[in-house]
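Enquirer: Sharing a structure with you now.
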Amino acid sequence: MREFFLNSGIYFEENVPLKKLTTFGTGGPARYVVQPKDEREISAVLTYLKQNDVPYFCLGGGSNVLASDDGFSGVVIVVGRFMSQIFFENGLLVAQAGAKACQVAHFACINGLSGAEFLAGIPACMGGAAYMNAGCFDREMSDVVAGVKAADENGEKEFGHARCGFAYRKSVFQSNGMIVTRVLLALKPEKPEKIRAAMKEILEKKKLTQPLEYPSAGSIFRAEGGAPAGLLIDRAGLKGLRAGGAEISLKHANFIVNKGGATAKDILELMDAAGSAVKRKFGVVLRPEIKYLGDTDDIGRLSYSFTL
Ligand SMILES: Cc1cc2nc3c(=O)[nH]c(=O)nc-3n(C[C@H](O)[C@H](O)[C@H](O)COP(=O)(O)OP(=O)(O)OC[C@H]3O[C@@H](n4cnc5c(N)ncnc54)[C@H](O)[C@@H]3O)c2cc1C
């Protein structure tokens, strides 16, 4: 594999600690991390990995991922800084998938375009935001995405909004296995002062309600039907519950925070405690929103059973 990366000229590193690539700050070494600079390199890597049956995982900002303490023996494809341009094309704001969501929000703001304000408070890259249909305060990616470009071993394809399969924290890219390369946004003209004020309000609301002072991966469980997951976990009396260096946040019970030296095992233990208690007390099955990066799907193996 090393030879393939060397010959292809694709940027790669070996034995990279995943705790450096994820906002939770957990994770052992990834055998290889590659950072493609365009869709052609993505297709070349995927062709090689699929032909040789090598497991891989695509990572953006790493803000919705729990990485295994044992690391990952496959290849992590980081769509990040080498694919992070933001520009205009045919009246749309185009963000390469590695562009940071907050930078897209600021770029839209200085260009007097409204609609992307909610992205200011999401620590994602645009590919991850499209993949997750990320959103907050009643706005989500599907409200502003005109289209998405994505690549696999057969090259790059464009998906119009209707073909992106957006639903609550879902998109077609979660099932078609393609890697998002570009996100096209349709935004509306507005005065930059008004946009800036809206972004400030969003950031202040987040700071008040979320434990942003500690590493986390945002909401652990999905918010579907009935009472929000955080409220149920709170009512089950689990706020402040600790396992090793991890804690169910006192500020927002759907956040697990890394208070120092937390392992993935600690976090899984708290997820299991929350899922089991909420199921037992309220008959509600919490479904994880975060994704697992490791050789085995340890979230799928939590002892309380759920289906995704
Ligand atoms: C403090 C904090 C606050 C948060 N607040 C919010 C919020 O308000 N709303 C919200 O929705 N989320 C929130 N999140 C969660 C997270 O930011 C989102 O889920 C975000 O969309 C993840 O983007 P990412 O680039 O970090 O993706 P990653 O965490 O790197 O990956 C998440 C998933 O996307 C896939 N993926 C990433 N990039 C690509 C790509 N280019 N192509 C294909 N698949 C890809 C990965 O394989 C993985 O399955 C928060 C997280 C934190 C830490």
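Enquirer: Of all the residues that make up region 100-118, how many are farther than 18 Å from S84 by Cα and in contact with a Cys (Cβ under 8 Å, 6 or more places away or on another chain)?
Expert: 2
Enquirer: Moving to a separate point now. Find all pairs meeting these conditions: Cβ atoms under 6 angstrom apart; at least six residues apart or on different chains; first residue within region 123-147 and at negative phi and among the basic types (K, R); second residue open to solvent by 10 Å² or more (accessible area, probe 1.4 Å) and more than 6 Å from the ligand (Cβ to nearest atom).
Expert: Taking only residues 6 or more apart or on different chains, not a single pair turns up.
Enquirer: Then there's this: Name the residues in region 205-227 that are crowded, with 16+ Cβ neighbours inside 10 Å, assigned to a loop (DSSP other than H, G, I, E, B) and not small (G, A, S), would you?
Expert: Q210, P211, L212, Y214, P215, I220, R222
Enquirer: A follow-up question, please. Does any residue of region 183-192 turn out to be within 11 Å of the ligand (Cβ to nearest atom), at pLDDT 95 or above and on the phi < 0 side of the Ramachandran plot?
Expert: yes
Enquirer: Here's a follow-up. Out of the residues in region 38-52 that are assigned to a helix (DSSP H, G or I) and open to solvent by 30 Å² or more (accessible area, probe 1.4 Å), state the one that is farthest from A150 (Cα to Cα).
Expert: Selected residue: Q51.
Enquirer: Regarding region 137-157, can at least one residue be identified that is within 13 Å of the chain's Cα centre (by Cα), within 7 Å of the ligand (Cβ to nearest atom) and open to solvent by less than 70 Å² (accessible area, probe 1.4 Å)?
Expert: Within region 137-157 (the criterion being within 13 Å of the chain's Cα centre (by Cα), within 7 Å of the ligand (Cβ to nearest atom) and open to solvent by less than 70 Å² (accessible area, probe 1.4 Å)), the answer is no, since none of the residues qualifies.
Enquirer: Among the residues of region 43-55, which ones are within 15 Å of the ligand (Cβ to nearest atom) and more than 15 Å from F173 (Cβ to Cβ)?
Expert: Passing the criteria: S43, V45, L49, P55.
The values are calculated or read from the model by the stated rules, or taken from the named source; none is laboratory data. On a predicted model such as this, the values are computed, not experimentally measured, just so you know. All Cβ positions, glycine included, derive from the backbone under ideal geometry; neighbour counts span all protein chains shown. These accessible areas exclude ligands, DNA and RNA; they are computed on the full protein's heavy atoms, side chains included. Shrake-Rupley method; radii C 1.70, N 1.55, O 1.52, S 1.80 Å.
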